[in-house]
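The values are calculated or read from the model by the stated rules, or taken from the named source; none is laboratory data. In this text the structure is predicted, and so the values were computed from the model without any measurement. Note that each Cβ is placed from the backbone with ideal geometry, even for glycine, and that neighbours are counted across all protein chains shown. The accessibility values were calculated without ligands, DNA or RNA, using every heavy atom of the protein model including side chains. Shrake-Rupley method; radii C 1.70, N 1.55, O 1.52, S 1.80 Å.
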Amino acid sequence: MKNIRILFMGTPDFAVATLSAIVASKYNVIGVITAPDRPAGRGRKLNTSAVKKYALEQNIPILQPTNLKDTSFLEELKKLNANLQIVVAFRMLPKVVWQMPEYGTFNLHASLLPSYRGAAPINWAIINGETKTGVTTFFIDDKIDTGEIILQEETTITQEDTAGTLHDKLMVIGATLVIKTITAISNNTVTLQKQKESKELKSAYKIHKETCKVDWQLPLNSIYNHIRGLCPYPAAWTTLYNGNEEIFLKIYAISKTEEIHTYKFGQLIFNKKEIKVAVKNGFINLLEIQLPGKRKMKTNDVLNGLKLEENAHLV
């Protein structure tokens, strides 16, 4: 069995679950690399990453480089003398970093590679109406998410899943898969699999504001998947036309009803307790929404303070 010395790289909560599992499994984590502290909020108070907070609790040495090619950072990296690097929700590494350890650098990716390479695999799997996804560990190479696969674990996507619930599901499955991967590397039992290339592979490119705009002309299920795939972050949005007002609206919780109707797509049908949007093949029921400058609210609470005109509609 190899004597593994792990350097862990990650930033958000998704990465903390894996780091915590590694520590609980008594593997030797000799350091953590995470994003630099950044000002956030109205007071511009310095915000530390979730991984940094956990590493401080565990007394694990922390590096927060702004430039991964900086000479002084690379020197510190060499001094740590890690023989395995693990990357979970971090950033692209230069070759000088990922090729440094003796046993390589592997990444945990939240999809069944080679499908959904890129920054937002969880969101796009739901947006595209997939019924299954998973997690993959693979050795990093020169390109993004193209290295040889070590292990994979599959899970289902339910009709009720959102990006948030799927994130939490994959976070747990991913942490377990990383432990299995470390064990295989430690025991020298790794069997690598090259990723198949195909023009039909779906990608998971970064989500922008325009990606989040709801197109009410699309079929019911496409809209349903789109909104779920962006909940709770960054959240789908639309414009409410209410009389002479134009109101920016974020949409969170929804349900759907399949039904033939004669309403115009985007038309709001409402009473004192509910709002539904007419779309092709049915209705999207708005359960939780957010108005500008307000917190997220249940739709019936919004209706207490928002008077909707008869011709109110979404575009």
Around Leu112, which amide H atoms from residues at least 5 apart in sequence, or from another chain, sit under 5 Å from its own amide H, with H modelled in the peptide plane? Gly134
Keeping all protein chains in the complex and leaving out DNA, RNA and ligands, what accessible area do you get for Ile173 with a 1.4 Å probe, in Å² to the nearest 10? 40 Å²
How would Lys26, Lys213 rank on accessible area, largest to smallest, probe 1.4 Å? Lys26, Lys213
Using modelled backbone amide H atoms (1.01 Å from N, in-plane), which distant-in-sequence or interchain residues come within less than 5 Å of Arg5's amide H? Asn83, Leu84
Compare the Cα positions of Ile173, Tyr233, Ala204 along the charge dipole of the chain (+1 at Cβ of Lys, Arg; -1 at Cβ of Asp, Glu; about the Cα centre) and return the one farthest towards the positive end. Tyr233
Spelling out what I want: for every residue of region 282-293, take phi, set θ = phi - 60°, compute 6.51 cos²θ - 1.76 cosθ + 1.60 (Karplus), and round to whole Hz; glycine and proline get x. x, 9, 9, 8, 7, 9, 9, 9, 9, 8, x, x
What number, in percent, do you get for the relative contact order of the chain if the mean sequence gap of Cα pairs under 8 Å and at least 6 apart is divided by its residue count? 14 percent
Calculate one ³J(HN,Hα) per residue across region 61-72 by plugging θ = phi - 60° into the Karplus curve 6.51 cos²θ - 1.76 cosθ + 1.60, and present them in order as whole Hz with x for glycine and proline. x, 10, 10, 10, x, 8, 10, 6, 9, 4, 4, 5
Using 0.36 nm per residue of separation minus the Cα-Cα distance, give me the extension gain between Ser198 and Ser186 in nm, one decimal. 1.1 nm
So if each residue of separation counts as 0.36 nm, and I subtract the Cα-Cα distance between Asn81 and Glu246, what length gain in nm does that give? 53.6 nm
How would region 1-137 be classified by its alpha-carbon gyration tensor: rounded, prolate or oblate, with rounded meaning a/c under 1.5 and the a/b versus b/c comparison settling the rest? oblate
Pull up all non-local amide H partners of Ile157: gap of 5 or more, or a different chain, and H-to-H distance under 5 Å with H placed in the peptide plane. Lys132, Thr133
Rounded to the nearest 10 Å², what accessible area does Arg38 have for a 1.4 Å probe in the complete protein model? 140 Å²
Per its Cα gyration tensor (rounded if a/c is under 1.5, else prolate when a/b beats b/c, else oblate), region 109-157 is best filed as oblate
What residue among Lys45, Lys143, Lys272 shows peak mean-square fluctuation when the chain is described by a Gaussian network model with Cα springs under 10 Å? Lys45
Taking R0 as 35 Å and r as the Cβ-Cβ distance between Lys206 and Ser255, the FRET efficiency 1/(1 + (r/R0)^6), rounded to the nearest 0.05, comes to 0.75
Heavy-atom accessible area ranking, 1.4 Å probe, most first, across His208, His109, His313, His261: His208, His313, His261, His109
Chain lengthening between Ser20 and Arg38 when straightened (0.36 nm per residue, less Cα-Cα): 4.2 nm
Comparing Val87, Val29, Val96, which has the greatest mean-square fluctuation in the GNM of the chain with Cα pairs linked when under 10 Å apart? Val96
Per-residue [θ]222 nm for the chain (sum of -39500 (n - 2.57) over DSSP H runs n ≥ 4, rounded to 500): -7500 deg cm²/dmol
Each residue of region 107-115 in order: what ³J(HN,Hα) in whole Hz does its phi give by Karplus 6.51 cos²θ - 1.76 cosθ + 1.60, θ = phi - 60°, with x for Gly and Pro? 10, 9, 10, 8, 7, 8, 4, x, 6
On average over all directions, what projected area in square nanometres does region 189-285 have, based on the convex hull of its Cα atoms? 10.2 nm²
Here, GluC sites (Glu not before Pro) of region 86-162 satisfying both criteria (DSSP loop; at most 13 other Cβ within 10 Å) are Glu102, Glu160
